Amino acid sequence: MILVFDVGNTNTVLGIYDGEKLIENFRISTDRDKTADEYGMLVNQLFQYENLTFKDIKAVVISSVVPTLMHALEKMARKYCAVDPLIIGPGIKTGMNIKYDNPREVGADRIVNGIAAFEKYGGPIIVVDFGTATTFCAISDKCEYLGGAIAPGLRVSADALFEKASKLPRIELIKPSQAICKNTVSSMQAGMIYGYAGLVDSVVSKMKEEMGSQSIKAIATGGMAALISSETKTIDQVDSLLTLDGLRIIYQRNLS
């Protein structure tokens, strides 16, 4: 079995694959202070849910946008799974040509998402990942990473509003029943949800225009994908497991 880690700034998603089949996935908080042993014990508890042990794991794949966590996760993989983990980064075979000015600037998660989207849905395609930051990635019909855009994530935007406006409360991010609201909390929710959907539509439409067709498919993933995508006009499908699938695909491409 393969254990994959998608380490984001806010959450870390783990997946357990038996071949191409995803057995289970878990979402935990990203904790930069946890040690290798603490992560080992946490993963062991998750394994027990599926009656698995570390001996069942034959490979570990890690994609991370949090460099300070890499040492702990690598050590955990070696100590508890007895394998050298595959780290997504420069030198790893992906099959994707990166057209960024400096390819090393592209986050590992964006490459993984692009690979998975192209493999599962074909190209050209646009991937929108709703995480701590919301990333927009354009993939050509030749599996080239053309570039993209980055915006503050929905939760980051809501927290900034709470922190900078002294009379506004911290809110739960849920969709209100209408845009014309009659209390402060609902008004903030309407502005965040419907306003953010407009941001997504604007960026995706502009990218489609630059790619030459408004019919290009747009896939959404990430923790807030379902909430926002339902209010957009440009998102065609939500694939919450896109990044995990990408990690599995890249692992298989690096077997030889």
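For segment 88-105, which positions are surrounded by 20 or more Cβ atoms within 10 Å (Cβ to Cβ) and under 16 Å from the mean Cα position of the chain (by Cα)?
Ile88
Which one is farthest from Thr135 (Cα to Cα) among residues in segment 236-254 that are of a type in the set (A, V, I, L, M, F, W, C) and surrounded by 23 or more Cβ atoms within 10 Å (Cβ to Cβ)?
Top of the filtered list is Ile250.
Step by step: first the residues of segment 66-87, then only those that are β-branched (Val, Ile, Thr) and within 21 Å of the chain's Cα centre (by Cα), then the one that is farthest from Ser140 (Cα to Cα). Which residue is that?
Thr68
Which of the residues that make up segment 201-235 are surrounded by fewer than 16 Cβ atoms within 10 Å (Cβ to Cβ), modelled with pLDDT under 95 and either touching an Asp or Glu at 6+ places or on another chain (Cβ under 7 Å) or under 30 Å from Leu86 (Cβ atoms) (or both)?
Passing the criteria: only Ala226.
Taking segment 157-199 only, how many residues are surrounded by fewer than 16 Cβ atoms within 10 Å (Cβ to Cβ) and of a type in the set (Val, Ile, Thr)?
4
Given the conditions (1) exposed (fewer than 15 other Cβ atoms within 10 Å of the Cβ); (2) touching a Ser or Thr at 6+ places or on another chain (Cβ under 9 Å), which single one is not true for Val66?
Exception for Val66: condition (1).
What are the pairs, 6+ residues apart or on separate chains, where a residue within segment 121-142 that is assigned by TED's automatic domain parsing to the domain that holds Val200 and without any contact (Cβ under 8 Å) to a residue 24 or more places away in the chain has its Cβ under 8 Å from a residue that is crowded, with 24+ Cβ neighbours inside 10 Å and part of a strand (DSSP E or B)?
Gly123/Ile139
Going residue by residue through segment 31-39, is there one that turns out to be in contact (Cβ under 8 Å) with a residue 12 or more places away in the chain, within 21 Å of the chain's Cα centre (by Cα) and assigned to a helix (DSSP H, G or I)?
yes
Take segment 213-231 and flag every residue that is in a loop (DSSP other than H, G, I, E, B) and not aliphatic (A, V, I, L, M).
Within segment 213-231, Ser213, Gln214, Ser215, Gly223, Ser230, Glu231 meet the criteria.
State all residues of segment 111-169 that are small (Gly, Ala, Ser), assigned to a helix (DSSP H, G or I) and within 23 Å of Pro90 (Cα to Cα); if no residue qualifies, say none.
Matches in segment 111-169: Gly114, Ala116, Ala117.
Return the total of residues in segment 237-256 being closer than 22 Å to Asp6 by Cβ, part of a loop (DSSP other than H, G, I, E, B) and without any contact (Cβ under 8 Å) to a residue 40 or more places away in the chain.
Counting residues in segment 237-256 that are closer than 22 Å to Asp6 by Cβ, part of a loop (DSSP other than H, G, I, E, B) and without any contact (Cβ under 8 Å) to a residue 40 or more places away in the chain gives 2.
Could you say whether any residue in segment 51-72 is farther than 14 Å from Val4 by Cα, assigned to a helix (DSSP H, G or I) and either of a type in the set (A, V, I, L, M) or not assigned by TED's automatic domain parsing to the domain that holds Leu14 (or both)?
Yes, there is a match, as at least one residue in segment 51-72 is farther than 14 Å from Val4 by Cα, assigned to a helix (DSSP H, G or I) and either of a type in the set (A, V, I, L, M) or not assigned by TED's automatic domain parsing to the domain that holds Leu14 (or both).
With at pLDDT below 95 and surrounded by fewer than 17 Cβ atoms within 10 Å (Cβ to Cβ) as the only criterion, which of Asp109, Asp31, Asp37 stands out?
Within the list Asp109, Asp31, Asp37, the selection yields Asp31.
Scan segment 93-106 residue by residue and report those that are out of contact with any strand residue (DSSP E or B) (no Cβ under 7 Å at 6 or more places or on another chain) and not in a helix (DSSP H, G or I).
Residues satisfying the conditions are Lys93, Thr94, Gly95, Asp101, Asn102.
The values are calculated or read from the model by the stated rules, or taken from the named source; none is laboratory data. Just so it is clear, the model here is predicted, and its values are computed rather than measured. All Cβ positions, even for glycine, are placed from backbone atoms using ideal geometry, and neighbour counts span all protein chains on display.
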